[in-house]
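Novice: Take a look at this one; I'll ask things after.
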Amino acid sequence: MPHRLCESIKKNRQFHKVLAEIFLVLRFGLVGSIATGIHILILWILLSKTLLPVLIANAIAFVIAFGFSFAGHYIWTFGAPGSPRKLMLRFLIINASAFFLNNALLAIILEFGRLDSTLAAIGSAAAIPIITFLASRFWGFKH
């Protein structure tokens, strides 16, 4: 009987760990989706209401969305796991690397793949959140 109880407790712990990871992924996705919406909204406002060049407007929108994304992940997704300054730098490195990786992946798909440019762009963009989550989970916001 004690053996069965131990096995049951182990399975229960494993289930809770998996469930916790699922909720972590969902929080990460929600924060990232809202940050993307903020980026697009700010960019649209700046381009429609100002005379800013598109690259400047995009940079401003990125910085605002990045701030929201970092705060959301730091506070809600990962539960304030340490020094915000250190973690913000790590998150910036992850996001900059993800941007360059996205472009490199897109270039490779366009060069060697048989996809049209729209499908190639969607494919390369879809891979980036997975990479960004894993990098954030295991390095960027690590305790």
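Read-outs: derived from the displayed coordinates by stated rules, not from any lab. Not measured: the values here are computed from a predicted model. Cβ coordinates were reconstructed from backbone atoms using ideal geometry, including for glycine residues, and neighbour counts include every protein chain displayed.
Novice: What's the exposure ranking of 16, 39, 73, going from fewest to most Cβ atoms within 10 Å?
Specialist: Ranking 16, 39, 73 by Cβ neighbours within 10 Å, fewest first, gives 16, 39, 73.
Novice: Any chance you could give the angle, 0 to 90 degrees and rounded to 10, that helix 117-135 forms with the longest Cα principal axis of the chain?
Specialist: In the chain, helix 117-135 runs at an angle near 40 degrees to the longest axis.
Novice: Taking the structure as given and computing P(r) over Cα pairs in 10 Å bins from 0, in percent, which label from (1) 12, 47, 35, 5, 0; (2) 11, 30, 30, 18, 7, 3, 1, 0; (3) 12, 44, 36, 9, 0 fits?
Specialist: Only one option fits the structure, namely (2).
Novice: Looking only at region 21-65, which residues have a backbone nitrogen under 12 Å from a spot 7 Å from the Cα of residue 93 in the C-beta direction?
Specialist: Inside the label zone: nothing.
Novice: Fewest to most neighbouring Cβ within 10 Å: what's the order for 118, 50, 132?
Specialist: Values: 118 8, 50 11, 132 23.
Result, fewest neighbours first: 118, 50, 132.
Novice: How would you rank 25, 63, going from fewest to most other Cβ atoms within 10 Å of each one's own Cβ?
Specialist: The order, fewest Cβ neighbours first, is 63, 25.
Novice: Right, next: In nm, to one decimal, how far is the residue 27 label point from the residue 52 one, both placed 7 Å along Cα→Cβ?
Specialist: Between residue 27 and residue 52, the label points sit 3.0 nm apart.
Novice: Report, in degrees rounded to the nearest 10, the 0 to 90 angle that the Cα long axis of helix 84-112 makes with the longest principal axis of the chain.
Specialist: 70
Novice: On a full-extension model of 0.36 nm per residue, what is the gain between residue 8 and residue 36, subtracting their alpha-carbon distance, rounded to one decimal in nm?
Specialist: The residue 8-residue 36 span can extend by a further 5.9 nm.
Novice: In addition: 222 nm [θ] for the chain, helices only, -39500 (n - 2.57) per DSSP H run of 4+, per residue, to 500? Display every interim value, and only then the final one.
Specialist: Values: 4 runs with 115 residues, N = 143.
For the chain, the value works out to -29000 deg cm²/dmol.
Novice: Right, another one. How high is the relative contact order of the chain? Use alpha-carbon pairs under 8 Å, at least six apart in sequence, and give a whole percent.
Specialist: 22
Novice: Shifting gears a bit: Contour minus end-to-end for residue 111 and residue 45, with contour as 0.36 nm per residue of separation and end-to-end as the Cα-Cα distance?
Specialist: 20.3 nm
Novice: What's the FRET efficiency of residue 59 with residue 143 using the Cβ-Cβ distance as r and R₀ = 22 Å, to the nearest 0.05?
Specialist: Taking R0 as 22 Å, the efficiency between residue 59 and residue 143 is 0.10.
Novice: Sequence neighbours fewer than 8 away in the same chain don't count; with that in mind, list the lysines whose C-alpha is under 18 Å from residue 11.
Specialist: Straight-distance partners of residue 11: none at all.
Novice: Now a separate question. Enumerate the lysines that residue 49 could reach by cross-link, defined here as Cα to Cα under 22 Å, with residues fewer than 8 away along the same chain left out.
Specialist: Excluding near neighbours in sequence, the set is empty.
Novice: Moving on. Using the alpha-carbon atoms, what tilt in degrees (0 to 90, nearest 10) does helix 2-49 show relative to the longest principal axis of the chain?
Specialist: 10
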